[in-house]
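Encoded as structure tokens, the structure appears first; notes follow it.
The values are calculated or read from the model by the stated rules, or taken from the named source; none is laboratory data. Since this is a predicted model, take the numbers as computed values, not measurements. Cβ placement follows ideal geometry from the backbone for every residue including glycine, while neighbour counts extend to all protein chains displayed.
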Amino acid sequence: MSPQGTPKPHAMRTARPADHVDNGFYGQDVISVRQFSREKLVYIFSVADEMRTLVRRFGSADLLSGKVLTNLFYEPSTRTASSFMAAMLRLGGRVIPINEVHYSSVSKGESLPDTVRTLECYSDVIVLRHPEVGSAQIAADYAAKPIINAGDGQGEHPTQALLDLYTVQHELGRLDGLKIAMVGDLKNGRTVHSLTRLLSLYDTEFYFVAPDILRLPADMVAEVKARGHKAVEVEDVHEVIGDVDVLYITRVQKERFTDLAVYDSVKDHYIIEPALMARARPNTVLMHPLPRVGEISYAVDQDPRAAYFRQVESGMFIRMALLAAVLGKA
Amino acid sequence: MSPQGTPKPHAMRTARPADHVDNGFYGQDVISVRQFSREKLVYIFSVADEMRTLVRRFGSADLLSGKVLTNLFYEPSTRTASSFMAAMLRLGGRVIPINEVHYSSVSKGESLPDTVRTLECYSDVIVLRHPEVGSAQIAADYAAKPIINAGDGQGEHPTQALLDLYTVQHELGRLDGLKIAMVGDLKNGRTVHSLTRLLSLYDTEFYFVAPDILRLPADMVAEVKARGHKAVEVEDVHEVIGDVDVLYITRVQKERFTDLAVYDSVKDHYIIEPALMARARPNTVLMHPLPRVGEISYAVDQDPRAAYFRQVESGMFIRMALLAAVLGKA
Amino acid sequence: MSPQGTPKPHAMRTARPADHVDNGFYGQDVISVRQFSREKLVYIFSVADEMRTLVRRFGSADLLSGKVLTNLFYEPSTRTASSFMAAMLRLGGRVIPINEVHYSSVSKGESLPDTVRTLECYSDVIVLRHPEVGSAQIAADYAAKPIINAGDGQGEHPTQALLDLYTVQHELGRLDGLKIAMVGDLKNGRTVHSLTRLLSLYDTEFYFVAPDILRLPADMVAEVKARGHKAVEVEDVHEVIGDVDVLYITRVQKERFTDLAVYDSVKDHYIIEPALMARARPNTVLMHPLPRVGEISYAVDQDPRAAYFRQVESGMFIRMALLAAVLGKA
């Protein structure tokens, strides 16, 4: 997607009311994990902790009472859309859900800049899911109100990476000095790429576990090593299961393989069963961005180390924190 | 649908806060009419009466303020979805509407147990409409939060039966000693089956009015008789119209007939016109679960005995009562 | 669409609570611009001004707290649906969004009268978008609760015309003594027709700028002239650009032309570029109902006279005013 027209100069942007908290996020967009320093992560995670307490004790709050979020989803994602919606509702805000963009004025040829400039007339913040890389940045260039990127194709999905990292901290109490195994399709998974970038801010040992054709792109491995991290590439999760603090599982899709014999030869190396978990450490954290389709067996769900549903819940707290932060109420 | 994995043991379920009313419904699922005794019905109907008063006087209340309902509809049902949504909103709660499950992660192969365990991270109660028999029970087995069955295929649609029964009580002031005619497709109508089960709890005389090929299943007739009820099967509504307290009409679908000559010969026996209503008692209650397609003529709408739109309104009050009850606020 | 059955007599309509403001709109439907006198427009625009102040200062209000709007869209219109939704939410009300009517009970053959009589059991006001001319009036005939027409096919879209007129007043401070150019497809544009009717209530000089095959229907031109207005028809916007107070642009769709050579010969007369705007007056107001597809270049967006996004925002204020008015809270 190429930008159209000229972005609004900042001077023309809507004046902000005075009753906000100047937290470094107020009025800002959330487009990429590259925006996040360790300091910013400490801040957002501490707000997310407050959100957790608030939801546990009271269910919801009135922090964003009177605020309106537009959930603008150009492609369906029930999971992400629901998480942002719940986050806004539990903060007392309101949501305009737009899930059918393919039917709408956009299909009549309206540009993304016009759509976001229209919707920001109605709302205080826009969450955008769009199939094209770079679309979130274009939306942010044109909108005066904050844009939160909920996934721009093969680009980024920063709130997923933030919730993943926050889950590690919540489960283990720290982010430095950890051994993390990323498992599955490391070539195509934007989730893995974004999380790897965030983990690179910490003292992390990386274990990249993938079949040969789905290895992490070489430039990302090089980038991790250049930052001074240990980075080991292996093909079988059995090789690392006993050594790591975090097992981050993603799906190995049959469709990625041109030679199905190769798929059949490797697929069992990436399925997490109770027998495999028996070889993991007592407090290894087992994570998955969900949805899963067979790569973690249901029998593992009862294992207290299975953190994937707690990860879902942490996602809501992170999104509550981000919404409150960009609206100046955190 | 067969269950996958192991349901969460009750000990692992989310701790309930202490500020709830212990009403026998708190934290419970609503899956089947078989869960309802006369005592439970008295309770829910009295709460529904309170809801009616509340909406009439104030429009809405704050009873469920801070609570979030996920309306999870795997198949479209504008009517039922809107009724639950209105019920939650009028109690001060919030709603996450999910109407497009066919587009979502579910279509990527995610199981119902995973979907409900994800959505319950965001919400306090889940209303589920799903095309497969037994799906609501499976969801309830896995979810820690209450599941309300809004229809599971040819299985049950318990809130429809509850609102039907509640309408009878609201219109006539009592449930014992009534003569009830069920009219139309009694073979396939889950609505009729569930309502018949509920009415069997009371001193009811049943008149089952259907063409031969759409009679109530023999085992249901036997069950009703075994409980000591009078149950008469006839083919023409004219035979009973003058004798009954309630006329419950359902649609006779042309598609159910293999021999259209048979359809043509019977169809007029099941269409309610003013001339027919002239033969009914002055306070017979005319009900229909809606939508109708010709089986009650529009000319009947002005008849004060036509209760079908009051039935719709009663549906909202029943759903308000159920939501308040399972969330411990009734 | 032909009416079915008999509308509810007014005596049967729901009793109105006593705590309302008798503003001439309370409990009324908004179906056509023909309902609006200058007095009514003064009233609605003054309420819209209050709404603007309210949103600027506080973001939202509790004026419609406890009220429920059903947004019933039989055809998709993200823009209009979002605007009404935002309007209701910013007044503290709740919204039941129904965007997929093609999937719903309606597709099972339910009539519009039955659908609105069902939905009004759940809600306090219904906003209806429907593809058939006259559908909004039919809905209003049957519903006891107020119906607001959000577009009935080639019929009317009165809230668009109201927001257009309100934008003119907001931008220029007056409605009398103005020269207004309507540009583009004046034959098919219901927006242009409705706005022309409203402007006819004021001392307006009309300039109708269209290619020959897309001229304003002759009867509308005659009607305008019969009311004593100057009405000039031209084919090129250059002829009038320097003389008018308002330029109201609509799209000239290629699809309307059977002879593409004609389209190619005229299309550039209807595209607004910075060079063209250089010939307009310093305070000419440039409007467009959006979405645009090329008829105003993006380079014009920075021009302070480009009012189309302010027009979008004014739309929300007008809809807030109408919702508050028909619910007796303005």
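For this structure, a couple of remarks:
- Yes/no for A:Val252 being touching an Asp or Glu at 6+ places or on another chain (Cβ under 8 Å) and of a type in the set (Val, Ile, Thr): yes
- Taken as a whole, the structure leaves B:Tyr26 outside the set of residues that are more than 8 Å from every other protein chain (Cβ to nearest Cβ), closer than 24 Å to B:Ser135 by Cβ and at pLDDT below 95.
- Filtering segment B:182-196 to residues that are buried (at least 18 other Cβ atoms within 10 Å of the Cβ) and touching a Lys or Arg at 6+ places or on another chain (Cβ under 7 Å) leaves B:Gly184, B:Asp185, B:Leu186.
- Positions within segment B:62-86 being closer than 15 Å to C:Ser65 by Cα and not in a loop (DSSP other than H, G, I, E, B), in sequence order: B:Ala86
- Among the numbered conditions (1) modelled with pLDDT of 95 or more; (2) touching an Asp or Glu at 6+ places or on another chain (Cβ under 6 Å); (3) over 20 Å from A:Leu172 (Cβ atoms), the only one that A:Lys230 does not meet is (3).
- Complete set of residues in segment A:271-306 that are within 18 Å of A:Leu186 (Cβ to Cβ) and either part of a strand (DSSP E or B) or away from chain B (no Cβ under 12 Å) (or both): A:Ile271, A:Ile272, A:Leu286, A:Met287, A:Ile296
- Residue match in segment A:81-92 (condition: in contact with an Asp or Glu (Cβ under 6 Å, 6 or more places away or on another chain) and either within 14 Å of chain B (Cβ to nearest Cβ) or closer than 30 Å to C:Ala299 by Cα (or both)): yes
- Checklist (1) touching a residue at least 24 places away in the same chain (Cβ under 8 Å); (2) away from chain A (no Cβ under 14 Å); (3) within 30 Å of C:Ser111 (Cβ to Cβ) applied to B:Phe73, failing item: (2)
- Filtered residues of segment B:34-61 (kept if in a loop (DSSP other than H, G, I, E, B) and touching a residue at least 40 places away in the same chain (Cβ under 8 Å)): B:Phe36, B:Ser37
- Hits in segment C:146-163 - residues which are in a loop (DSSP other than H, G, I, E, B) and either touching a strand residue (DSSP E or B) at 6+ places or on another chain (Cβ under 6 Å) or acidic (Asp, Glu) (or both): C:Pro146, C:Glu156, C:His157
- Annotation note: of A:Arg310, A:Arg305, the sole residue that is in contact with a strand residue (DSSP E or B) (Cβ under 8 Å, 6 or more places away or on another chain), farther than 26 Å from A:Asp212 by Cα and among the charged types (D, E, K, R) is A:Arg305.
- Scanning segment A:265-279 for residues that are surrounded by fewer than 18 Cβ atoms within 10 Å (Cβ to Cβ), under 16 Å from A:Ala210 (Cβ atoms) and at pLDDT 85 or above returns a single hit, A:Ile271.
- Scanning segment B:271-298 for residues that are among the acidic types (Asp, Glu) and in contact with a strand residue (DSSP E or B) (Cβ under 7 Å, 6 or more places away or on another chain) yields one hit, B:Glu295.
- The condition of being among the acidic types (Asp, Glu) and more than 11 Å from chain A (Cβ to nearest Cβ) holds for C:Asp259.
- Extreme residue, surrounded by the most Cβ atoms within 10 Å (Cβ to Cβ), among residues of segment C:108-155 that are of a type in the set (Asp, Glu) and over 14 Å from C:Asn71 (Cβ atoms): C:Asp152
- Any chance B:Pro282 is within 20 Å of the chain's Cα centre (by Cα) and modelled with pLDDT of 90 or more: no
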